[in-house]
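J.: After the structure tokens below, expect a handful of questions from me.
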Amino acid sequence: MHIFTVEELTQAVKDVLEAQFPFVWVKGQVSNLARPASGHVYFSLKDGGAVLNVVWFKSSQPPASTSGRERINPLTGEVDEAGPGASSLREGQEVLCAGRLNVYPPRGSYQLVAELVQDQGVGQLHLAFEAMKRKLLAKGFFDESVKKPIPYGPSRVAVVTALKGAALQDFLRIAKERGTGSEIRVHPCLVQGERAGGEIAAALDAVNRKGWAEVIVLIRGGGAIEDLWAFNTEEVAEAVHRSRIPVLAGIGHEVDTTIADLTADLRVATPSHTAQVLWPERAVLRQRVDECEAGLGRAYLRFLERRQRDLAGLRQGLTWFSPGKRLERDRERVAGLVRRLKRGAIRHNLRGCEHLSRTLNRLQHAFGPHRLQVPAGELTTLRSRLDLAGEGVTGTRERELESLTGRLIALNPEAPLDRGYCRVRDSESGRALRSVAEVRAGAGVDIRLRDGTLTAEVVEVTPDK
């Protein structure tokens, strides 16, 4: 058994496909048209059942000057009717393409490399679609400002679709595998045919009247534009637009776009994709729970570490500021001060001893025995001078004392009492009386004599005339 590598298998498919289809004609409707700056044109050809990617290289495109006129077919050499130029190619146009099939290995996909593109006209349905889109665009049906947000993980979902359609089965199958459990109510209706538009609009209105659902899912499987036309009607667009409940649309395949898609609050590629948008995978939820649990554990550990650091800091601070620790620090500080005091006292004593020794030396030098050997005559003279000076000072001081004693006796307030005088004071205030004007009749007075005090009452006050 030979095991292919991806590159080998892709190359084998490329060889077989390009050998079997060296040149083909393909008819379809243009979609996903893109014109990059390189000049090449990229688009898709689609019909009711499939899509084919096409690349029309710039070298194969007709010159701009020949557009709209006859041109020579590069494949047959015959004169063909003018095909559409690259600049006139547009969405929804029916074209006939001739070219070769090609496999692009980096993507593992095949495409048609067009050599010739001929116009086949634009379908009436596409024209009607464009007209309806312009009409509703003017009414503001597609404005982002009126779009309502789609709830994530809803618990009540209303599904508007065909009851036996594959789109509903795909939706229910995927919904069963996602989320945490939801209640889904199906509102069956036709999704194809003349009556389909009215039934779809009625189902949307019925869901809104009940007001039970959190979101409305509008889905249908893929098909040709004719099959999807019920979703391009104005009545369905109006029902979607007036819905108070958000509408999530998944109609057809990714390349299919309907008026209902444009009007809905959110449009996704396929019916299956609607379930993927509404609910997350359970594996993702489990992973999120695991991540939250791990994150919670890490946060708890960080919390404990921070609290442990705080506790250690508080314990250290408590130890540092505790009374016992403070007393210990004070004892250490006192011990240090005592040591410094002792060292200072020793230095002070040493300096004092040195100063005393120097002073003693100076005293001995100034008043030593050699300085006391004064001649006896000089000593006698000095003693006589000292005696004379002492007597002079003593006599002067005795005379000053006698003078002060006499003055003191003269100023003694009691001395006049010995000579017959007396001192009179007011009995109430104790104030000395110097004038009769200072006393009134009936007032009590104290009369101080040399050997005692008399208390008297003033009978009459007679001032000198």
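J.: How many percent of the alpha carbon pairs in the chain exceed a separation of 30 Å?
T.: 75 percent
J.: Within the set of other residues whose C-beta is less than 12 Å from the C-beta of residue 251, count the net charge using Lys and Arg as +1 and Asp and Glu as -1.
T.: -2
J.: Under the rule of at least 5 residues apart or a separate chain, name every residue whose amide H is placed under 5 Å from the amide H of residue 219.
T.: Here the answer is 160, 250, since their amide H atoms fall under 5 Å of that of residue 219.
J.: In sequence order, what are the phi-derived ³J(HN,Hα) couplings for the range 331-340 according to the Karplus relation 6.51 cos²θ - 1.76 cosθ + 1.60 with θ = phi - 60°, rounded to whole Hz, with x for glycine and proline?
T.: Computed from phi, the couplings for the range 331-340 are 5, 5, 5, 5, 4, x, 5, 4, 4, 5 Hz.
J.: Which ³J(HN,Hα) values in Hz, rounded to whole numbers, follow from the phi angles of the range 415-420 under the Karplus curve 6.51 cos²θ - 1.76 cosθ + 1.60, where θ = phi - 60° and Gly and Pro get x?
T.: 4, x, 5, 5, 9, x
J.: Trypsin sites (Lys or Arg not before Pro), restricted to the range 263-337: which are DSSP loop and have at most 10 other Cβ atoms within 10 Å?
T.: none
J.: Something else about it: Treat the count of other C-beta atoms within 10 Å as a stand-in for reagent exposure and order 227, 310 from fewest to most.
T.: 310, 227
J.: At 222 nm, what helix-only mean residue ellipticity would the chain give, in deg cm²/dmol to the nearest 500, using -39500 (n - 2.57) for each DSSP H run of four or more?
T.: Per the formula, -15000 deg cm²/dmol.
J.: Separate question: Each residue of the range 292-304 in order: what ³J(HN,Hα) in whole Hz does its phi give by Karplus 6.51 cos²θ - 1.76 cosθ + 1.60, θ = phi - 60°, with x for Gly and Pro?
T.: After applying 6.51 cos²θ - 1.76 cosθ + 1.60, I find 5, 5, 5, x, 5, x, 5, 5, 5, 5, 4, 4, 4 Hz.
J.: What translational D, rounded to a whole number of µm²/s, comes out for the range 415-457 from Stokes-Einstein when the hydrodynamic radius is the Kirkwood one over Cα pairs, at 25 °C and 0.890 mPa s?
T.: The Stokes-Einstein estimate is 229 µm²/s.
J.: Quick one: net charge of residue 347's neighbours, Cβ under 12 Å, K/R +1, D/E -1?
T.: Around residue 347, the surrounding residues sum to +3.
J.: Please arrange 132, 1 by how many other C-beta atoms lie within 10 Å of their C-beta, fewest to most.
T.: 1, 132
J.: In debye to the nearest 20, how big a dipole does the chain give about its Cα centre with +1 on each Lys and Arg Cβ and -1 on each Asp and Glu Cβ?
T.: 3540 debye
J.: Arranged by the count of other C-beta atoms within 10 angstrom, fewest first, what order do 228, 168, 433 take?
T.: So the residues, fewest neighbours to most, are 433, 168, 228.
J.: Another question, if that's okay. Take the range 308-465, drop everything but the C-alpha atoms, weight them equally and run the Debye formula without solvent; then report log10 I(q)/I(0) at 0.11, 0.12, 0.20 Å⁻¹ to two decimals.
T.: Debye output, listed in q order: -0.79, -0.87, -1.21.
J.: Taking amide H positions as placed in the peptide plane 1.01 Å from N, state which residues far from residue 266 in sequence (5 or more) or on other chains have amide H under 5 Å from it.
T.: Amide H neighbours of residue 266, under 5 Å, 5+ apart: 247, 249.
J.: Counting only residues 5 or more places away or on other chains, whose amide H sits under 5 Å from the amide H of residue 192 once H atoms are built in the peptide plane?
T.: none
J.: Given the pairs 14/46; 147/176; 139/164, which span a C-alpha to C-alpha distance of over 30 angstrom in this model?
T.: Violating the 30 Å limit, Cα to Cα: 139/164.
J.: Considering only DSSP beta bridges with both partners in the chain, what is the antiparallel share in %, to the nearest 5?
T.: DSSP beta bridges in the chain are roughly 70 percent antiparallel.
Read-outs throughout are calculated quantities, based only on the coordinates presented, and are distinct from any laboratory measurement. Since we're looking at a predicted model, the values are computed, not measured. Counting neighbours? That spans all protein chains shown, and the Cβs are built from the backbone with ideal geometry, glycine included.
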